[in-house]
Ligand code: FES
Ligand code: FES
């Protein structure tokens, strides 16, 4: 039987998704459902003096209005509000008190018999505020930069390592130097699905009294149940969080969001089922990728050997949580400069807390770094690809460990070949097509290959079908499909006979789905659970009369085509159905926990890599930029499903185009409010913006990262893309735009200044 | 417990002022996927909310409610429209087709009866999270009905009212052009 893993198979949830049968959090039908609509603060900092809800309450069909004034007593300590992705600090608590900490903060929930009524009544609420002056501008507050607090989150996001060598001196002595500042705006995830929670309240059906079944938009049902249980002091057994389909996450659903809190609060108080859905505008009140300012300085000898490297960055956070991400240290993973110094700071402003957003920190830092490397290549008069090869490293210099595998060289080779990089004329403005300037740029990408503990269950049922489950999520990543493949292969059962279930707190626990670790983490658990079932089947097989397996060991057998077989002679076999029958007609089940082999992993640096090649066309008159073609060549260990993995990389590349050229949450600092809080004004790519995108998966063998040898592909697709685009824009125009996104105004202004100064 | 307004109001706010009557519900008849249904709807109910909240046809998605994303695309008399930009009451005399009506799919979920575009979307992996997908497919049906798209570039341009945040655009274009190519050309 051919293996399923490694093949470009269609998604197992495809039919559900193309027929509209896939149900997302706001789409579960409940009898007598009430609708909640959130009211947001219109000031940025201060206090609610009075909140007038009387007009709203007069609307017929309004059931209740919750504000800080009538909020029930809830958990007191900050700790209860800390979810699994909470940064150090005190998490925001909706309706806690009269204090306003950021613009758009939820200050009331209107609950009504219909959505339309709740929305209307919300417009009748008037609020008197006591305003204080706020600070929301990163640039204006750079003097307040400080070191972030340390907490649980620091484990995954360590602060920069100590300096190595003597950067200042090495840089001073370097014959070739570059030093620039890079500015990125903030970005909101904007998954297509609006954030929603449907809380089904039931009474009397269970001994304990109340029962909450919560359909939540989340990247981790376990995170949601922990939060609800702690904050509302409801025992676990009375809560079930379900999330079979998630309409995009990108990090935004890693933390429980306002609507979950408010929907549970209303359901508990009203003893009714409640749904709260955010509007698109309200999704701009959630976390976001923070705005940053970075400085990168590189020094090299005239043959291109990098000797000195400096990278610092400041990022925005809220006044109440120290959100951080790893921005400035990636240079130590990519280049072997001996004299390095990294620094990373944050600035607390009157804004919501930022959140992890696709390749958090990675895409930010690598973009600046890889633009600086391109600048260095031009200073040296060297091909940017050659410069990267000159400074190739087999070790992560920050922790001085060898990579468990690193096929970046092969990524460069194959990507360059597919793209035709050798034909590039390095001279800026040397390529043109009528009135458009053509530019070719490249960059390197890197991301972590994480692996965390998880549990999974496998049940070989009496009808011969295999049911496998783990409380993980499929946010479009293909989890359903790849887990089905892994399970089918492990026990030699056709994929049609395997059902994988996820997104339900009744299932064995798995961590939040983020950081590209789900394939490795949950995949290893699924494999372990299926293997455990396999061992039980083996024991059953040995006990059968005249068993051909009586004298062999487990390592001598394999599972294929619905049978246990001898490896030496697969024709010697016992059908699985016979074994189930031998089990007294009972299902064979096993729950397994997969734990990373830290002893083995600790000795190696574990990362995914990519090489990105991009062509842009820039209209000389209008300054508009189009990415006409791009090749991303990826080394990410074993690829379980090249079809869904390719989609993830393409998605990441589209995000890279977006970050480089389109998206930015633009704030009016006078009001502290985001001005473009709609999909018409917040630009993300549409179909017409996306042209030829090509993905290459380079073969990479790795038996250290995890038992499956996979490294995850959710983030690596975006990481190198923005820098490659910015570098291509420079090649096309001769203009370095160091402030993202590269919009036409920036290009045109730079063009005019350059013309007038030359 | 029988909940009345009074039990939930804080005592300091007496409801002495008269209640505000809003739009009252009235019968609205919609023909969706060939089936006529009479609903009780307030006139301010959008077609999108009527489908999702009152008829439980949740295949049609809400991504913005402002005509900016295309997630709510349905076919009205075979033309694609944004269901969030029309009121249900305005569609009483029209034929509405939603994603649920595109395939003759039965409960057994056999994929053989899928619409060719649905099949092509699966084969070309033209989605990830699937949230924009029903809108994309309905929009693509409308696009083929219009008959203006001749090339992949035309498809890109004419499908640009449907945002896919997952960035599945290359797959979407491949899926649509594959169906376009296999169709007999009618001008
Ligand atoms: S929901 Fe109608 S266009 Fe976005
Ligand atoms: S598939 Fe997720 S938005 Fe299109």
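Among the residues of the range B:152-166, what is the count of those that are free of Cβ contacts under 8 Å to residues at least 40 places away in the same chain and touching a helix residue (DSSP H, G or I) at 6+ places or on another chain (Cβ under 8 Å)?
Let us first name the residues in the range B:152-166 that are free of Cβ contacts under 8 Å to residues at least 40 places away in the same chain, namely B:152-160, B:164-166.
Checking which are touching a helix residue (DSSP H, G or I) at 6+ places or on another chain (Cβ under 8 Å) leaves us with B:152, B:155-160, B:164, B:166.
Looking only at that region, the number is 9.
Considering only the range A:37-147, give the strands (runs of 3 or more DSSP E) lying wholly within it that have at least 1 residues that are loosely packed, with under 15 Cβ neighbours inside 10 Å.
Values: elements: A:46-52, A:62-67, A:106-112, A:126-131.
Qualifying strands (runs of 3 or more DSSP E): A:46-52, A:126-131.
Kindly indicate whether residue A:632 is within 14 Å of chain B (Cβ to nearest Cβ) and in contact with a helix residue (DSSP H, G or I) (Cβ under 9 Å, 6 or more places away or on another chain). Let's see the steps before the verdict.
On the way: within 14 Å of chain B (Cβ to nearest Cβ): yes; in contact with a helix residue (DSSP H, G or I) (Cβ under 9 Å, 6 or more places away or on another chain): yes.
Here the answer is yes, as residue A:632 does meet what is asked.
Give the range B:144-166 a look and list any residue that's within 16 Å of ligand 2 (Cβ to nearest atom) and in contact with a strand residue (DSSP E or B) (Cβ under 9 Å, 6 or more places away or on another chain), or say none.
B:161, B:162
Return yes when residue A:162 is over 26 Å from residue A:224 (Cα atoms) and free of Cβ contacts under 8 Å to residues at least 40 places away in the same chain and no when it is not. Give the derivation first.
Values: over 26 Å from residue A:224 (Cα atoms): yes; free of Cβ contacts under 8 Å to residues at least 40 places away in the same chain: yes.
Considered against the rule, which asks whether it is over 26 Å from residue A:224 (Cα atoms) and free of Cβ contacts under 8 Å to residues at least 40 places away in the same chain, residue A:162 comes out as yes.
Go over the candidates A:230, A:219 one by one and state the one that is in contact (Cβ under 8 Å) with a residue 12 or more places away in the chain, in a helix (DSSP H, G or I) and not assigned by TED's automatic domain parsing to the domain that holds residue A:685. Working first, answer last.
Numbers: A:219 fails: in a helix (DSSP H, G or I).
Being in contact (Cβ under 8 Å) with a residue 12 or more places away in the chain, in a helix (DSSP H, G or I) and not assigned by TED's automatic domain parsing to the domain that holds residue A:685 holds for just one of A:230, A:219, which is A:230.
If we keep just the residues of the range A:168-202 that are within 14 Å of chain B (Cβ to nearest Cβ) and out of contact with any strand residue (DSSP E or B) (no Cβ under 6 Å at 6 or more places or on another chain), which is farthest from ligand 1 (Cβ to nearest atom)?
Filtering the range A:168-202 for residues that are within 14 Å of chain B (Cβ to nearest Cβ) and out of contact with any strand residue (DSSP E or B) (no Cβ under 6 Å at 6 or more places or on another chain), the one farthest from ligand 1 (Cβ to nearest atom) comes out as A:201.
Filter the range A:431-455 down to residues that are in contact (Cβ under 8 Å) with a residue 40 or more places away in the chain and not in a strand (DSSP E or B) and give me whichever is surrounded by the fewest Cβ atoms within 10 Å (Cβ to Cβ).
Step one: list which residues in the range A:431-455 are in contact (Cβ under 8 Å) with a residue 40 or more places away in the chain, which gives A:431, A:433, A:435-455.
If we keep only those that are not in a strand (DSSP E or B) too, we end up with A:435, A:449-453.
Details: A:435: 11, A:449: 29, A:450: 20, A:451: 26, A:452: 20, A:453: 14.
Out of the qualifying residues, it is A:435.
For the range A:310-346, name all the residues that are part of a strand (DSSP E or B) and over 23 Å from the mean Cα position of the chain (by Cα).
Our first condition is that a residue be part of a strand (DSSP E or B); within the range A:310-346, this holds for A:310-317, A:321, A:339-346.
Passing the criteria: A:310, A:311, A:312, A:339, A:340, A:341, A:342, A:343.
Please verify whether residue A:647 is assigned to a strand (DSSP E or B) and either touching a residue at least 12 places away in the same chain (Cβ under 8 Å) or assigned by TED's automatic domain parsing to the domain that holds residue A:493 (or both), treating the condition exactly as stated. Full working, then the answer.
Working: assigned to a strand (DSSP E or B): no; either touching a residue at least 12 places away in the same chain (Cβ under 8 Å) or assigned by TED's automatic domain parsing to the domain that holds residue A:493 (or both): yes.
Here the answer is no, as residue A:647 does not meet what is asked.
Report yes if residue A:23 is part of a loop (DSSP other than H, G, I, E, B), free of Cβ contacts under 8 Å to residues at least 40 places away in the same chain and within 24 Å of residue A:279 (Cβ to Cβ), otherwise no.
On the way: part of a loop (DSSP other than H, G, I, E, B): yes; free of Cβ contacts under 8 Å to residues at least 40 places away in the same chain: no; within 24 Å of residue A:279 (Cβ to Cβ): yes.
So residue A:23 fails the test.
Do any residues in the range B:125-141 that are under 14 Å from residue B:60 (Cα atoms) and within 7 Å of another protein chain (Cβ to nearest Cβ) have Cβ atoms under 7 Å from those of residues that are assigned to a helix (DSSP H, G or I) and more than 9 Å from ligand 2 (Cβ to nearest atom), where the two are at least six apart or on different chains, and which pairs are they?
From residues that are under 14 Å from residue B:60 (Cα atoms) and within 7 Å of another protein chain (Cβ to nearest Cβ), the pairs are B:133/A:18; B:133/B:121; B:134/B:99; B:137/A:18; B:137/B:99; B:137/B:117; B:137/B:118; B:137/B:121.
Taking residue A:221 as meeting all but one of (1) more than 14 Å from every other protein chain (Cβ to nearest Cβ); (2) over 23 Å from residue A:715 (Cβ atoms); (3) surrounded by 24 or more Cβ atoms within 10 Å (Cβ to Cβ); (4) out of contact with any helix residue (DSSP H, G or I) (no Cβ under 7 Å at 6 or more places or on another chain), write down the number of the exception.
Tallying (1) more than 14 Å from every other protein chain (Cβ to nearest Cβ); (2) over 23 Å from residue A:715 (Cβ atoms); (3) surrounded by 24 or more Cβ atoms within 10 Å (Cβ to Cβ); (4) out of contact with any helix residue (DSSP H, G or I) (no Cβ under 7 Å at 6 or more places or on another chain), residue A:221 fails exactly one: (2).
Among the residues of the range B:49-67, write down those that are without any contact (Cβ under 8 Å) to a residue 60 or more places away in the chain and either within 9 Å of ligand 1 (Cβ to nearest atom) or away from chain A (no Cβ under 12 Å) (or both). Write out each step before concluding.
Taking the range B:49-67 as the starting set, the residues that turn out to be without any contact (Cβ under 8 Å) to a residue 60 or more places away in the chain are B:49-58, B:62, B:64-67.
Those that are without any contact (Cβ under 8 Å) to a residue 60 or more places away in the chain and either within 9 Å of ligand 1 (Cβ to nearest atom) or away from chain A (no Cβ under 12 Å) (or both): B:62, B:64, B:65, B:66, B:67.
The values are calculated or read from the model by the stated rules, or taken from the named source; none is laboratory data. The shown structure was predicted, so the numbers you read here are calculated from the model rather than taken from an experiment. Every residue, glycine among them, receives a Cβ derived from its backbone with ideal geometry; neighbour counts consider all protein chains shown.
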